[in-house]
Amino acid sequence: MQYAIKNYIPAIVVIISISGIITGCGSKAATEAPRPWMLSDSLLRTLVVDTASAGPIENEILLTGKITENEDKTARIFPMVSGIVTDVKVHSGDFVQKGQVLAILKSPEMAGFTADQRISVNDMQTAKRNMEVAESFYQSGLNSQKEYEEAKSNYDKAVAAWNKSRAILEINGGGHQTNYVVKAPVPGFIISKRAAESMQWRPDNTDPIFVIADLNNVWAMINIFESDIASIREGDRVEMSTLSYPDKSFSGKIDKIYNVLDPENKVMKARVVVDNPGFLLKPEMFVRVKANRRADSNLVSIPSRGIIFDHDKYYVLVRTNEKSGVQIREIKIDRTSGGRTYVNAGLKEGDRVIASRQVFIYETLKDQQ
């Protein structure tokens, strides 16, 4: 029995020694917490970091519209006499200067205005002589005061008739002639032309014979559907593009909303005044419009470039207060508009979000966890 115990003692000592080694290793591992992964100084210098901010939500609304002339700088020309067009000097699209002759009408009314002016001159001269004679007779006692005053009244009427005939003739082109000259009242482009040689013009024509527009700035008339009316206000900024210049953007702001619906297509119109250098925008051009509307509620937002999508969830990398620390944080997205992402949860105002090489850093952090 003593022999058996003596033989087992070395085995027991070995077992106790091994268990002590294992226990010692386990306690050392338990006391050392894993160190967080830190960004190197060289990597930090190359990173782009965005700061989360809180502000009104910007909604982007897609609309359509067309370019029209600026009505405040457009002249619609209606000849005030009837006649036959004998000569047309310009064509649609031409640029004209103020006072330039556009067309000539042969008008019997102009002949009548000329005759009336000449008759009124003769009547005025006759009335003046009669007044002078009546005044002379009155001063010498050969006439009564009443007769003198009557002669003076006839002269005043003749002067008024002469002034009227002269004004009518000047309004209609002036000169003793039978031609009516259509002139440009303002400089601009001919955007509509109804005149044609041998055409008969009547004063009751509803369409202007010429339309001249200054196209240095134009109007964009935007269609707003009923579902978008509540989202559009005067002062909202818009960006527009056209089929002719798909890579060029034209900006402006809504300066007037027409608070009635078009009965035919059930849309409300909004007007944007657009500067038009180089006259790129032409009346009747179709435009696509992006309108930005600020909502009343505030959300934290960041530029969308810093978002990471992984396994149906959204994440960002947030810099911690430590010098080189970074943390993975899951976020809940409310919406994305205009290159910014609005966040319901996961971020607060002032958080610093890594916005470059974030996928590489994210994968490295995942492997460390």
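To keep it simple, each residue is scored yes or no on (1) surrounded by fewer than 17 Cβ atoms within 10 Å (Cβ to Cβ); (2) more than 22 Å from residue 65 (Cα to Cα).
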{"site": "183", "(1), (2)": "yes, yes"}
{"site": "186", "(1), (2)": "yes, yes"}
{"site": "201", "(1), (2)": "no, yes"}
{"site": "206", "(1), (2)": "yes, yes"}
{"site": "217", "(1), (2)": "yes, no"}
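Has segment 179-197 got any residue that is among the aromatic types (Phe, Trp, Tyr) and modelled with pLDDT under 90? Yes, that holds for at least one residue. Here 149, 109 are screened, and the one residue that is open to solvent by 50 Å² or more (accessible area, probe 1.4 Å), of a type in the set (D, E, K, R) and either in contact with a Lys or Arg (Cβ under 6 Å, 6 or more places away or on another chain) or closer than 30 Å to residue 77 by Cβ (or both) is 109. Of all the residues in segment 268-287, those that are open to solvent by less than 60 Å² (accessible area, probe 1.4 Å) and touching a Lys or Arg at 6+ places or on another chain (Cβ under 6 Å) number 1.
Out of 196, 161, one residue alone is closer than 21 Å to residue 87 by Cα, out of contact with any Cys (no Cβ under 7 Å at 6 or more places or on another chain) and in contact (Cβ under 8 Å) with a residue 24 or more places away in the chain. It is 196. Of the strands (runs of 3 or more DSSP E) lying entirely inside segment 249-349, those containing at least 1 residues that are over 30 Å from residue 52 (Cα atoms) and at pLDDT 90 or above span 250-261, 267-275, 286-303. The set of residues from segment 56-84 being open to solvent by less than 40 Å² (accessible area, probe 1.4 Å) and at pLDDT 90 or above comprises 63, 65, 67, 68, 69, 70, 74, 75, 77. Scan segment 244-272 residue by residue and report those that are under 20 Å from residue 216 (Cβ atoms) and small (Gly, Ala, Ser). Selection gives 244, 249, 251, 252. Taking the residues in segment 113-132 that are of a type outside the set (Lys, Arg) and loosely packed, with under 14 Cβ neighbours inside 10 Å as candidates, determine which candidate is nearest to the chain's Cα centre (by Cα). Per the criteria, the residue is 115. If you go through segment 207-227 and keep only what is modelled with pLDDT of 85 or more and not in a strand (DSSP E or B), you end up with 207, 208, 209, 214, 215, 216, 226. Tell me whether segment 106-115 contains one or more residues that are of a type in the set (A, V, I, L, M, F, W, C), at pLDDT below 85 and over 30 Å from residue 90 (Cβ atoms). Checking segment 106-115: at least one residue is of a type in the set (A, V, I, L, M, F, W, C), at pLDDT below 85 and over 30 Å from residue 90 (Cβ atoms). With the condition kept exactly as written, say whether any residue in segment 201-208 is over 30 Å from residue 110 (Cα atoms) and either touching a Leu at 6+ places or on another chain (Cβ under 9 Å) or among the polar types (S, T, N, Q) (or both). No. There is at least one residue in segment 160-174 that is in a loop (DSSP other than H, G, I, E, B), at pLDDT below 85 and small (Gly, Ala, Ser). Scanning segment 61-101 for residues that are part of a loop (DSSP other than H, G, I, E, B) and either small (Gly, Ala, Ser) or free of Cβ contacts under 8 Å to residues at least 60 places away in the same chain (or both) yields 82, 89, 92, 93, 99.
On the stretch given as segment 35-55, residues that are at pLDDT below 70 and either part of a strand (DSSP E or B) or within 37 Å of the chain's Cα centre (by Cα) (or both) total 1. Here segment 219-248 is the region considered, the condition is being open to solvent by less than 70 Å² (accessible area, probe 1.4 Å) and among the polar types (S, T, N, Q), and the residue that is farthest from residue 76 (Cα to Cα) is 231.
The values are calculated or read from the model by the stated rules, or taken from the named source; none is laboratory data. Keep in mind the model is a prediction, meaning the values are calculated, not measured. Glycine gets a Cβ as well: all are built from the backbone with ideal geometry, and neighbour counts include every protein chain shown. In case anyone asks, the SASA skips ligands and DNA or RNA and just uses the protein heavy atoms, side chains included. Shrake-Rupley method; radii C 1.70, N 1.55, O 1.52, S 1.80 Å.
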